Each structure stands twice: as structure tokens, then as C-alpha cells.
1. Summing +1 for each Lys or Arg and -1 for each Asp or Glu, what net charge is found among the other residues whose Cβ lies under 12 Å from the Cβ of R135?
2. Given a Förster radius of 45 Å and the C-beta distance between D169 and V288 as r, what FRET efficiency does 1/(1 + (r/R0)^6) yield to the nearest 0.05?
3. Taking the alpha-carbon distance from K175 and a cut-off under 26 Å, which lysines remain once sequence neighbours fewer than 8 residues away in the same chain are dropped?
4. Tell me the Rg and the Dmax, in Å, that the Cα atoms of the stretch 191-286 produce.
5. Over all Cα pairs of the stretch 233-285, how is the pair count split among 10 Å bins, expressed in % and running from 0 up to the last occupied bin?
6. So if R0 is 35 Å, what FRET efficiency would T2 and V189 give, r being the distance between their Cβ atoms, rounded to the nearest 0.05?
7. Mind ordering 9-20, 40-51 by average Cβ neighbours within 10 Å, highest first?
8. If I take the Cα coordinates of the chain and project them onto the principal axes, what are the three extents in Å, biggest first?
Amino acid sequence: MTIRKVGIIGAGQMGNGIAHICALGGYQVGLNDVSKERVTQALATINGNMARQVKAGRISEADREAALSRIGHVPSFADFEGYDLVIESATEKEDVKRQIYKDLCPPLGPETILGTNTSSISVTRLAATTDRPERFMGIHFMNPVPMMELVELIRGIATEEVTFQKVKDFVGTLKKTVAVSEDFPAFIVNRVLLPMINEAVYTLYEGVGTVDAIDTAMKLGAHHPMGPFELADFIGLDTCLSVMQVLYEGLADSKYRPCPLLVKYVEAGWLGRKTKRGFYDYRGEKPVPTR
């Protein structure tokens, strides 16, 4: 089976980014979300992002128009019948993902491969909730998808080699580099990155430095392109907390305990850029540290 039609469940920041690069890669893309309005918003975002690529000379106007013509709204899971690959990119909550697979699997053809864009949850455990664990694997794109060069591929314990090779070849056509991770909590990137962000929050919590001082120190002292608090706000503090909880519960090691200050920000609904407040306040002309 050659992958030609790619379905994506979830039209948020990650889902619309995956749709963007798949369409540019020549694939027919079906985009599904809980409402048509969210898909419409995603298409507007994709259009705007591609327009910036045209302006920067990375793609042509013809490329943009052709790619946009390949993306369509898929109103129900039943409409994914006949798709070669369906990638779930819903919120990082296991119960939500499980329910999606329960509803998604019945209409799919027997050869359809299922992928999850989870950033931390066990691929083996998610695969076990489906009717095709041998054709299921983790396909973890980085954010923002059109710009970031890496995709982590994660096999569950039941994933067949032919599934892995097809997905690896597919990712290669998207001009991304593959890093293969074993199926352990948070995989590679987030296993290293999120504890660093969590430690930065502890450094703030303990009064070692302010938000601005810590971000400045890491940008100028470690040459990071973004400070840990800028990055946390970009990722979403709820996502940061979710990954830390997966690490803490999955590895039972106290070094992964989420910082109480991170928990407090999430409880307050200060989730970063998407809510206009996180470790920075984004409601004015420029971001202002909240601590």
C-alpha cells in the first residue's frame, strides 16, 4: 500500500501544521475537528503561513495554491474510509485519545495505518485500545511543524516492521529528519526539554531569579534561541504540566515532580500565549513578565 491520502484529527496548532506540510508534500489531506468552524480557522492559518513562505521565497505561489486545493474538511470519522494513514493530533489527554480510536476504527479499511502525535503518552498503551496495534505508531512532529526539521517515530510493542518502514518513508517525503525513540515516557525531546523547563520554574519558585533574568541567562549564557519561560508559554503550560505528570507517574522518580508554581499557573488558567497570560502577560504591546 502506498500512502496517498492522509487524515488528520484535530485542527489546532499541531494538526494544522501537519496538514500544511502533508499538502505541500503532495498528499490529499482530510482535516477533522469537533466543529467545522475550527477547520475553517485552521485553513485560514495554513493559508497565512503558506503566504509567508511564498514571501520568503521558500515555496512558489503555484505550490501554495496546489497545496491548499489538496486539503478538505472531513466532517465525520466515517469519511476516513479509504484513507491510507490517519494521524490523531487531539489534546494531550489519554481518555480523549482513547475515545477517538474507539469511534474511528470501525469505518477504517483494514490496511489503514493509525498514527498518534502524542508528545508523551505510551504508544503501546494507546495502540492496545485499537483494532490494529500492529499498524499503529507514534509520529511526533515538533512545534511549529512547518519550521521544525525533526519527527520522532515511536514503535509500540506490537508495531510491525512494514508499518514502521512505510511511516518512515512517508516522513522522509515531507523533508523531515527522523529520530527513532523507544516507547518510554515523553520519548527523547520532551524527556530532556520539559525537565529543563520544570527546573527553570523551580528556579523562579525558589527566588533564585526572575522570569526575565532566567530567560536572559539561558539565551545569552547557553545560547538558547528562546528562554525557558518564553518556550513554556509557546508550548502551553497545560501541555508542559501534562508531560511532567506523565514522566513523574511513568518513571516514579522524584526528579520529575512538577513544580507547584507550574501547577498554580495552570490552575489559574494562565496557560501561555494561547490565553494571553502565562509567565508573560501578552495583553499589551509587548510581553511583560508576570513574576
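1. -3
2. Values: r = 47 Å, r/R0 = 1.04.
E(calc), rounded to 0.05, equals 0.45.
3. K5, K55, K166
4. Over the stretch 191-286's Cα set, Rg and Dmax evaluate to 12.8, 43 Å.
5. 27, 46, 21, 5, 0
6. Values: r = 29 Å, r/R0 = 0.83.
Efficiency computed from Cβ-Cβ geometry: 0.75.
7. Details: 9-20: 24.5, 40-51: 16.7.
Ranking the peptides 9-20, 40-51 by packing returns 9-20, 40-51.
8. Principal axes ranked by extent give 56, 46, 32 Å for the Cα atoms.
Rule-based calculations on the coordinates, nothing more; no lab input. All of these numbers come straight from a predicted model, not from anything done at the bench. Cβ sites come from the backbone with ideal geometry, for glycine too, and all protein chains shown count toward neighbours.
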